[in-house]
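Undergrad: I have a structure I would like to understand better, so I am pasting it below and will then ask my questions one at a time.
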Amino acid sequence: MTTLRAFTCDDLFRFNNIGQHRGARRGGRCEGGLGIPVSAARANGITSMFLAGGSTEGKYLAHWPEYFIVAEAPGGELMGYIMGKAEGSVAREEWHGHVTALSVAPEFRRLGLAAKLMELLEEISERKGGFFVDLFVRVSNQVAVNMYKQLGYSVYRTVIEYYSASNGEPDEDAYDMRKALSRDTEKKSIIPLPHPVRPEDIE
Ligand SMILES: CC(C)(COP(=O)(O)OP(=O)(O)OC[C@H]1O[C@@H](n2cnc3c(N)ncnc32)[C@H](O)[C@@H]1OP(=O)(O)O)[C@@H](O)C(=O)NCCC(=O)NCCS
């Protein structure tokens with residue numbers, strides 16, 4: 001049976017089998033994996049750096065622990081995780097839940113795990129009074145884009161060259177995808193923008 005539980009600090013070093021993340025220009029990426037070699041991290045004392053707030057994920061975990069959920073197999077193997085946060089202006093009706101990262105280990109895919117983790121993040125965002133949930137995804141990540149559409153998300157805007165190049169790859173655009181929550185009764189938050197934007201234009 002799968003256990004869904006809150007993240008612990010140690011979990012941040014146990015995800016190398018689940019995937020790799022490639023950086024976005026801003027903190028709002030949605031990718032899989034933390035990309036930190038566990039042995040190297042431990043050898044270099046990165047656990048204590050993390051505890052001191054030295055990583056983005058560590059800071060996010062400290063601020064929004066309820067948005068960090070792990071799926072664990074009966075044997076203790078990590079199956080997947082979701083990381084998120086709440087952000088935005090309430091006055092401008094932009095208060096929302098944000099998916100920072102979502103990943104499921106290859107051997108546990110197509111079991112409905114990502115859908116379940118997204119459902120939990122949406123429930124938390126509902127309870128916090130969010131108007132919508134959003135995420136950024138590479139335009140080339142068709143599996144994820146299609147999954148989000150299946151889960152009720154639509155493209156709100158395209159962000160040009162949101163993901164910065166690595167290993168000689170070109171910069172890549174992101175889709176900012178959104179799903180309205182019940183507080184947004186008129187679904188104003190998901191009306192698509194007519195033009196693409198640049199990373200520096202997004203808040
Ligand atoms: C994208 C990802 C999180 C999906 O995880 P998952 O647990 O396999 O997804 P689910 O089983 O919950 O799938 C939900 C629905 O999404 C769609 N879907 C998911 N993976 C799919 C695939 N490989 N091909 C086609 N449709 C797919 C299906 O409609 C599926 O419903 P169904 O199985 O009833 O048909 C996983 O493939 C992954 O970790 N990929 C690498 C990291 C990544 O891209 N993260 C997202 C970045 S924003």
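The values are calculated or read from the model by the stated rules, or taken from the named source; none is laboratory data. Nothing here was measured: the structure is a model prediction, and the numbers come from that model. Please note: Cβ atoms are built from the backbone with ideal geometry, for glycine as well, and neighbour counts cover all protein chains shown. Accessible surface areas use protein heavy atoms only, side chains included; no ligands, DNA or RNA. Shrake-Rupley method; radii C 1.70, N 1.55, O 1.52, S 1.80 Å.
Undergrad: Specify the residue that is farthest from the ligand (Cβ to nearest atom); the eligible residues are those in the stretch 136-148 that are part of a helix (DSSP H, G or I) and β-branched (Val, Ile, Thr).
TA: VAL145
Undergrad: Okay, moving on. Could you grab me the full set of residues in the stretch 161-174 that are among the aliphatic types (A, V, I, L, M) and either within 20 Å of SER189 (Cα to Cα) or open to solvent by less than 40 Å² (accessible area, probe 1.4 Å) (or both)?
TA: At the first step, the residues of the stretch 161-174 found to be among the aliphatic types (A, V, I, L, M) are 165, 174.
ALA174 - this is the single residue of the stretch 161-174 that is among the aliphatic types (A, V, I, L, M) and either within 20 Å of SER189 (Cα to Cα) or open to solvent by less than 40 Å² (accessible area, probe 1.4 Å) (or both).
Undergrad: Okay, moving on. Can you tell me how many residues in the stretch 149-203 are small (Gly, Ala, Ser) and assigned to a helix (DSSP H, G or I)?
TA: 1
Undergrad: Of all residues in the stretch 105-135, count the ones that are outside any helix (DSSP H, G or I), more than 7 Å from the ligand (Cβ to nearest atom) and buried (at least 20 other Cβ atoms within 10 Å of the Cβ). Even if it seems obvious, please write down each step before you answer.
TA: Narrowing the stretch 105-135 to residues outside any helix (DSSP H, G or I): 105, 109-112, 128-135.
Subsequent filtering for residues that are more than 7 Å from the ligand (Cβ to nearest atom) retains 105, 128-134.
Okay, now just the ones that are also buried (at least 20 other Cβ atoms within 10 Å of the Cβ), so 105, 130-134.
So the count comes out to 6.
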